[in-house]
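Here's the structure, in structure tokens; my notes come after.
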């Protein structure tokens, strides 16, 4: 459970150590960050918390019960703590660089991701076989977070990068191609349509393009997407929208709300409850779900 032990997360030794009440802590390290974890007991129930110290300040995040400490969960918290330290210190978000060139403009994940394991796996599988996947759902359901979560986990699949274009603040349909080009660092050429320049730059790239919040620019997005897919055989596009784009070959994935509690299951089996508890614990570290407040939650 310490760095010297090099215990593999998820192994039998790992689970036995977590089940040992005398095991009070461990250190976790990964490419996404590191922290020291400590077991804390509240009302005879054990919870794990992650700690990082920087410039005299201690940062604390809720990890969960022993059964919830998966590698993905530990990575999420490590990255969140790293992002908070960098934000507090004024450091800029790290760029993803390979062979001296920028390969991603995805933003740092400043809060941990809860639930949607099945959805993440399914959307990833779709992106491995489809050229256009659109996450569709009502506003606020979590389409953007899901898209970014999936994209972050697929860097190894796209050797020429993963690029995000945020369209929420764009009001003019005619500047959609310029907005996408700007996100990719592609400049407009005199005498040539920007859509043609964009397609020319992406034609040989094995890249993932994430178009976020397409609903109010649906026609313009559909036109550009259709052009790019026709011109760029190695390009994959992941879009989020309240409605499908209506482009040939589009695979639509309905983004449902987080699961709610079921009568015969504990409240913590609900993704929505776990998210609430996690955010509440981040704001108030002493908060805990108990029979007195479970109905209100």
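Read-outs: derived from the displayed coordinates by stated rules, not from any lab. The structure presented is a predicted model; accordingly, all values stated were derived computationally and were not measured. Neighbour counts are summed over all protein chains in view; Cβ atoms, including those assigned to glycine, are modelled from backbone coordinates with ideal geometry.
Give me the orientation-averaged projected area of the Cα convex hull of segment 137-193, in nm², one decimal. Let's see the in-between values first.
Values: hull surface 21.9 nm².
Orientation-averaged projected area of the Cα hull: 5.5 nm².
Three semi-axes describe the equivalent ellipsoid of segment 112-225; taken as square roots of 5 times the Cα gyration tensor eigenvalues and ordered largest first, they are 25, 18, 11 Å.
Spin-label model, residue 254 to residue 178: label points 7 Å out along the Cα-to-beta-carbon direction sit 3.9 nm apart. Using a Förster radius of 35 Å, what is the FRET efficiency between residue 157 and residue 40 based on their Cβ-Cβ separation? Nearest 0.05, please. The calculated FRET efficiency here is 0.35. Modelled label positions at residue 67 and residue 55, each set 7 Å beyond Cα in the direction of Cβ, lie 4.1 nm from each other.
Packing-based ranking of 196-203, 221-228, 159-166 yields 221-228, 159-166, 196-203, ordered from highest to lowest mean Cβ neighbour count within 10 Å. Placing a pseudo-label 7 Å from each Cα along the Cα-to-Cβ vector at residue 203 and residue 138 gives an inter-label distance of 4.5 nm.
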